[in-house]
Every structure is written in C-alpha cells, then in structure tokens.
Amino acid sequence: MKKTTRVLVALLALTLVTSCFVGGTFAKYVTSNEGGDSARVAKFGVTITAADELFSDSYKDAKTDYTANEQTGEITVQASTEGTNVVAPGTQGALVGFAVTGTPEVDVQVTYDATLDLAGWELADSSEYCPIEITVGTETFKVGDNATDVADLKAKVEAAIEGKAALYHTNTDLSAVNDDVVVSWAWDFEGNSDVNDTYLGDQAAADNAATIGLTVKTTITQVD
C-alpha cells in the first residue's frame, strides 16, 4: 500500500473516533414540565328591587292578601288629588315589591338603613297622638303600647328594620333567606279615639296634615 493511501485511511479512522467522542460529550438527560391554571371572576349578580307601595292615594274596604297589598271591595278612602298618598282610620299597607335576589359566589353582608319620618301627630293641646301601628317582621310597635311617644316609635321601628342585617355564606340564594324584612302599617278603624282621629282629619282639611314616611336603603357588600 502506498504511503498516500495509508495516510488517508488513518485520517478517516481518526475522524470516526473523534465523531463518537463529540457526540458523547454533548448528550445529556433532559426532562420538562409545565404548570398553570385559569380562572374567571366570581359571580356577584345580586339585584335589589326597591319598593314604593307602602302608602296609596286610595284604599278599599277589605284586603284578601295583606302582604301583597291586594285589595277587594269598594274604595272607601280616596285622595282628592290623584297620586297624593293618604292615610286614614281603617287603612293599612305593606312595603311590597321589595326583594333581594341572586346567588353570589362570595360571602356577603346585607345591611339596612331605615328612616321613619313622623311629623304633626299632635292634638290642640300639643300632646302627641299617633294611632298608626307599624309592624316589622312579627314585631308590632305603637305609641301607648310598646312605644312611649312618637320619637320612641321612630327609634324602635328603625332599629327593628336595621336589626335584620345578616351575613350570608357563599352560594346562598338570597331570595330564599330575605323574606323576614317585611314592613307593614295599619290605622285601626276601631279601638282608637274617634275625637282625636277626627281632629287629625280636620287638621288635614285645614292644610295642616300629619305626615308619615318610611325609607329603607339596602346595601349588599362582599366580606372577606
């Protein structure tokens, strides 16, 4: 074999050996993994329906469904100006249409802020006379019974409404647990003073009418 041929064979052998070493040098163990997740915003979806049907400009002589304010019979009380709410002996009403609905995916606190306005419930001698009784849930409040005066009636009714505040756990159907916040009122036709009732009616005719108003603000807040 010629010298040139022997050199070429030697170079080829060296190249093959070197390739093996290079391949071995850069080979290694390799593994991988990937972590991750996704999420959506938790549902709130709470709706508060306000109610403004506590008083009316007319009343009928009987009610078949007191809590729904459904009336039957003939109208016995009618304001001379349509849309002007009035109260009188023998009338009554309820805060209907009020509702909290939704099933939030978070804990929530439901609170109430109540304001009862009573003005002008006085007789000629400046003594107070308020024959209207107000019921919150199953508690009824009336001056002379369990309220000492008009201010005490106001304070007790407001406290009773605001005392309905409650904490509800996640995924609670609020429409199913909020039924205890029911407010109603009544001015009994019998059992009060006819003389004093008449005096209040005469004062109204003289444009000096006693007034009553109730506002209930409902707030629903997420809690941690």
**Request:** Count neighbours as other Cβ atoms within 10 Å of each site's Cβ, and list the GluC sites (Glu not before Pro) in the stretch 121-224 that are DSSP loop with at most 10 such neighbours.
**Result:** 190
**Request:** Considering only lysines 8 or more places apart in sequence, or on different chains, count the pairs in the stretch 47-222 whose C-alpha atoms sit under 25 Å apart.
**Result:** 11
**Asked** In µm²/s, what is D for the stretch 118-158 at 10 °C and 1.306 mPa s, where D = kT/(6 pi eta Rh) by Stokes-Einstein and Rh is the Kirkwood radius from Cα pairs?
**Response** 152 µm²/s
**Fill in**
Computed from the beta carbon distance with a Förster radius of 45 Å, FRET efficiency for residue 79 and residue 42 to the nearest 0.05 stands at 0.40
**Fill in**
Projecting the Cα atoms of 148, 208, 163 onto the charge dipole of the stretch 47-222, where Lys and Arg contribute +1 and Asp and Glu -1 at Cβ, the residue farthest towards the positive end is 163
**Item:** 5 angstrom amide H check on residue 60, placed H, neighbours 5+ away
**Value:** 76
**Asked** Using alpha carbons only, what's the Rg to Rh ratio of the stretch 47-222 with Rh from Kirkwood?
**Response** 1.01
**Request:** For residue 51, list long-range residues whose amide hydrogen, built 1.01 Å from N in the peptide plane, is under 5 Å from its own amide hydrogen.
**Result:** none
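Taken together, the values in this text are just the output of simple stated rules run on the coordinates, not laboratory data. All values reported here derive from a predicted model rather than from experimental measurement. Ideal geometry is used to build each Cβ from the backbone, glycine not excepted, and the neighbour counts take in all protein chains shown.
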